[in-house]
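Presented below is the structure to which this report refers.
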Amino acid sequence: MPIAIYHLSIKIISRGKGKSAVAAAAYRAGETITNEYDGITHDYTRKGGIVHNEILLPDHAPAEYANRASLWNTVEKIERYKTAQLAREIEIALPAELTREQNVSLVRSYAKENFVNAGMCADVCIHDKGDGNPHAHIMLTLRPLEPDGKWGQKSRQDGKRKIPTVDWNERERAEDWRKAWAAYCNTALRLADKLTEDNALDHRSYTRQGIEQIPTVHMGVVSFQMEKRGIRTERGDMNREIEISNQLLRQLKVRIVKLQNWLKEETENAEPLTLANIIQDILSRKAREGKSNVSQSIYNLKDAANLLNFLTDNKIMDISGLDEKFKSMIGEQQAIRDKLKPIDRRLRTLDEHIKQSDIYLRYKGKKGLLDSEKILFAAANDYFKDVMNGRTALPIKAWKAEHTELTTKRKTLYQRYVSLKDEVRKAEQIRKSVYSILQQERKPRKTQDMEL
């Protein structure tokens, strides 16, 4: 069964990046709207999966703004500059456990409380193609509305400084909105008797939550549909690899924690003997007796010698030293995770750069393109408008070289992980051996005490 996931992204729709608030609103609502600013008509009436849309207005907003075309055309008109920021969009994933009506109510409440009550106009559109990925788009106005219903200024001049008239662009607002969405979802799930430990949402990253896990990548609509049809995708393969890595990291952490707990217990109860002396005692007893009646976890001299070598190589002479070794294992495990995360993020970015550059160069200057090829080329061209920041030459060679370098680093990290896993295995052998020896060392002393 699908479960709720936390996803909330915030982006600005900017004329400077070739975007239009009218076009964005028409696309998300599946309507036909003509942009009075440039005269272009945007027709998205064939778009499917739009199950609900509505406009929410502050009390003092003009009644005509309840019409989508009127609202966003007035926004386009008031913004005169070619680089103007037109709107903010909040994209959110909806809990799959809730019904459509419950999700509509959830989004409406969230938008009213966090945006409309603050003075913004909110254009809410909910998309659901029945593929387990219900989500909502909330387009928000950026300018404040004056009491008379006219658009106010985004900022005012104070000497040589520009002071914002609203706090909507402050970083703290984004954190508040993200936190509020998690709280609203959890409340809705609780009221529907659907809230469990597995589906409770948290707006914080894994690192902030103290979860040692690598985040998966966002699949996107195309990749999601392909995977659903049984077609493997690059992003799907990446997520599967990340999940395997997370499973290994979780298993390793559990084993290390168990060893630390055992060490804590043994440190409180153990006699003041060094681990080296204990292992050496195993060797000497085996040599004298010719059999293993001291510890069932060590079967021959070679095993005991390997354990002694492990203690010697790591300069572990007592239980506290072994505890320090385990702490260093956890520290290194954390370091591996922290190094993997930015590498994985950068590799995903480079993969997309290289993929889009291949499409761009394949169709650039080519005549007689098919409609599907034109769409791919236009998408690649728009992609590089955002990525290149005005530069024209694509540094494909540099991207590929960086990709190769990071892939090598990633491989090295996993090799170290395998080595760390082997060290944990050896430590577990020591645990079993030392525990058995300590238990047998105590038995004679207890007998002597009883005889006295």
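The values are calculated or read from the model by the stated rules, or taken from the named source; none is laboratory data. Values in this document were obtained by computation on a predicted structure and should not be read as measured data. Ideal geometry is used to build each Cβ from the backbone, glycine not excepted, and the neighbour counts take in all protein chains shown.
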Find the residue count for segment 33-66, including only residues that are surrounded by fewer than 13 Cβ atoms within 10 Å (Cβ to Cβ), out of contact with any Pro (no Cβ under 7 Å at 6 or more places or on another chain) and under 29 Å from ASN117 (Cα atoms).
-> 3
For segment 408-420, indicate whether the set of residues that are more than 30 Å from ASN309 (Cβ to Cβ), assigned by TED's automatic domain parsing to the domain that holds ASN309 and β-branched (Val, Ile, Thr) is non-empty.
-> yes
Mind checking which residues of segment 125-178 are modelled with pLDDT under 85 and of a type in the set (A, V, I, L, M, F, W, C)?
-> ILE163
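Every residue, every condition in (1) out of contact with any helix residue (DSSP H, G or I) (no Cβ under 6 Å at 6 or more places or on another chain); (2) at pLDDT 95 or above, yes or no:
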| position | (1), (2) |
| --- | --- |
| PRO2 | yes, no |
| LEU8 | no, no |
| SER14 | yes, no |
| ALA25 | no, yes |
| THR32 | yes, yes |
| TYR37 | no, no |
| ARG46 | yes, no |
| GLU54 | yes, yes |
| LEU57 | no, yes |
For segment 105-114, does any single residue satisfy the condition of being within 21 Å of GLU76 (Cα to Cα), acidic (Asp, Glu) and either exposed (fewer than 15 other Cβ atoms within 10 Å of the Cβ) or more than 23 Å from the chain's Cα centre (by Cα) (or both)?
-> no
Select from segment 1-18 the residues that are crowded, with 18+ Cβ neighbours inside 10 Å and among the charged types (D, E, K, R) and list them in ascending order.
-> ARG15
Enumeration of residues in segment 123-149 that are in contact with a Cys (Cβ under 6 Å, 6 or more places away or on another chain) and over 17 Å from LYS77 (Cβ atoms) | HIS137
Selected residue (only one of SER328, SER357 is touching a Leu at 6+ places or on another chain (Cβ under 6 Å) and of a type outside the set (D, E, K, R)) | SER357
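When the residues of segment 156-165 are filtered to those that are surrounded by 12 or more Cβ atoms within 10 Å (Cβ to Cβ) and in a strand (DSSP E or B), which remaining residue is nearest to the chain's Cα centre (by Cα)?
Here the residue is PRO164.
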Does segment 318-325 contain at least one residue that is touching a Ser or Thr at 6+ places or on another chain (Cβ under 8 Å), at pLDDT 85 or above and not small (Gly, Ala, Ser)?
-> no
Looking only at segment 92-104, count how many residues are buried (at least 16 other Cβ atoms within 10 Å of the Cβ) and either outside the structural domain of VAL51 (by TED's automatic domain parsing) or not in a loop (DSSP other than H, G, I, E, B) (or both).
-> 5
Is there a residue in segment 55-72 that is polar (S, T, N, Q) and part of a helix (DSSP H, G or I)?
-> yes
Is it the case that some residue within segment 211-224 is assigned to a helix (DSSP H, G or I), surrounded by fewer than 17 Cβ atoms within 10 Å (Cβ to Cβ), at pLDDT 75 or above and under 21 Å from the mean Cα position of the chain (by Cα)?
-> no
Kindly check whether there is at least one residue in segment 358-368 that is among the small types (Gly, Ala, Ser) and modelled with pLDDT under 85.
-> no
Under the condition of being of a type in the set (Lys, Arg) and farther than 18 Å from ILE13 by Cα, which residue from segment 115-155 is surrounded by the most Cβ atoms within 10 Å (Cβ to Cβ)?
-> LYS129
Does TRP168 satisfy the criteria of being in contact (Cβ under 8 Å) with a residue 60 or more places away in the chain and part of a helix (DSSP H, G or I)?
-> no
